[in-house]
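Notes follow the structure.
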Amino acid sequence: MLDVCTSTNDVAAQRANIGAPHGYTILSEEQTAGRGRQGRTWVSPTGGIWLTILLRPPFAPNSLNSLPIVAAIATAKTLNSNPGVRARIRWPNDIFVDDRKLAGILAETKFKGDETAYSLLGVGINANFHSTSLREPHPKATTLEDLLGSPVDREAIIARLLMELENIFNLASSNPNDAMVLLRSLDCSCGKEVRIGFQGEKISGIMDSYESFTKVRIRTIDGQYQQVETSSVVCVEYPNF
């Protein structure tokens, strides 16, 4: 456990480049430059759960693009082990309780030529602090302490998370249909209005369904259905959520 770092993904990448093994995990009390998808800022004060796991090939699930949503399933299951928490997955990589963000996933992959050198799976959970203490308090943020009224046992949550990650990765590889059923049971995105940005293009519509761990189906404003590969998405907005 580090006291402070720029981001646990940064530190994990440094350790990976000097030979850290598969499963190596970095935790930090605070991040000064935490980030989400597309480099967006993730405020990470003391009291949260900020960690990154180093994954070296071969590992489950088979598709690197599956990592964020499979990790989201494990994270939601972990958080729901706390009585009073009803965490749900908001595609592509966030964990919400009602209409407030509680946690997020960031997966990054390093290639060596055409081959995968390693992947970094970052998980950030707002835990033992109040959302009002964030540098820029946001009405869409919540924390476990906000929800439960008292601090949680972070060590127990981390241990449960690591166990659930292994379980869900194995399930996604051995029985993807069961894993998809679990994903759909934890989702809160389907039926919601969504605006999706790509490189040079945007579409608006309704999030209709998950086609796979890496692909969703959107019903566009003209009533057509369009499949969207999660890896091609630059930004996602939910105007009413």
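In this label model, I206 and Y24 are separated by 4.8 nm, measuring between points 7 Å along each Cα→Cβ vector. Our summary gives the chain a relative contact order of 16 percent, counting only alpha carbon pairs under 8 angstrom and 6 or more residues apart. When only alpha carbons are used to place a centre, region 223-241 and region 167-220 end up 9 Å from one another. Scalar couplings 3J(HN,Hα) for region 145-152, obtained by applying the Karplus form with A = 6.51, B = -1.76, C = 1.60 to θ = phi - 60°, are 5, 4, 6, 9, x, 7, x, 9 Hz; x denotes Gly and Pro. The packing ranking, built from the mean of other Cβ atoms within 10 Å per residue, places the peptides 41-54, 109-122 in the order 41-54, 109-122, highest first.
Of interest is the spacing of the C-alpha centroids, which for region 71-120 and region 1-33 amounts to 17 Å.
Mean sequence separation of contacting Cα pairs (under 8 Å, at least six apart), scaled by the length of region 193-237, corresponds to a relative contact order of 38 percent. Expressed to the nearest 5 percent, the antiparallel share of DSSP beta bridges inside region 1-74 is 75 percent. For the pair D3 and T132, the difference between a 0.36 nm per residue extended length and the Cα-Cα distance amounts to 44.2 nm. Cβ-Cβ distance of L148 and S232, R₀ of 51 Å, FRET efficiency by 1/(1 + (r/R0)^6): the value works out to about 0.85. Take every DSSP beta bridge with both residues inside the chain and express the antiparallel ones as a percent of the total, to the nearest 5. Roughly 95 percent of the beta bridges in the chain run antiparallel, per DSSP. In the chain, inverting the average of 1/r over every pair of distinct C-alpha atoms gives 18.3 Å as the Kirkwood radius. Going by the alpha-carbon gyration tensor, a ≥ b ≥ c the square roots of its eigenvalues, is region 47-90 rounded (a/c under 1.5) or, if a/c is not under 1.5, prolate (a/b greater than b/c) versus oblate? Note, shape of region 47-90 comes out prolate. Once you've got the Cα coordinates, tell me which of K140/K192; K101/K192; K112/K215; K192/K215 are over 22 Å apart. As for pairs spanning more than 22 Å Cα to Cα, those are K112/K215.
Equivalent ellipsoid of region 193-237: semi-axes from √(5λ) of the C-alpha gyration tensor, largest first, are 14, 14, 8 Å. For region 1-57, the Cβ-based charge dipole about the Cα centre amounts to some 320 debye (Lys, Arg positive; Asp, Glu negative; other atoms uncharged).
Since every read-out is calculated from the coordinates, none of them should be taken as a lab result. Quantities reported herein were computed from a predicted structural model and do not represent experimental measurements. Methodologically, a virtual Cβ is constructed for each residue, glycine included, from the backbone with ideal geometry; neighbour enumeration extends over all protein chains shown.
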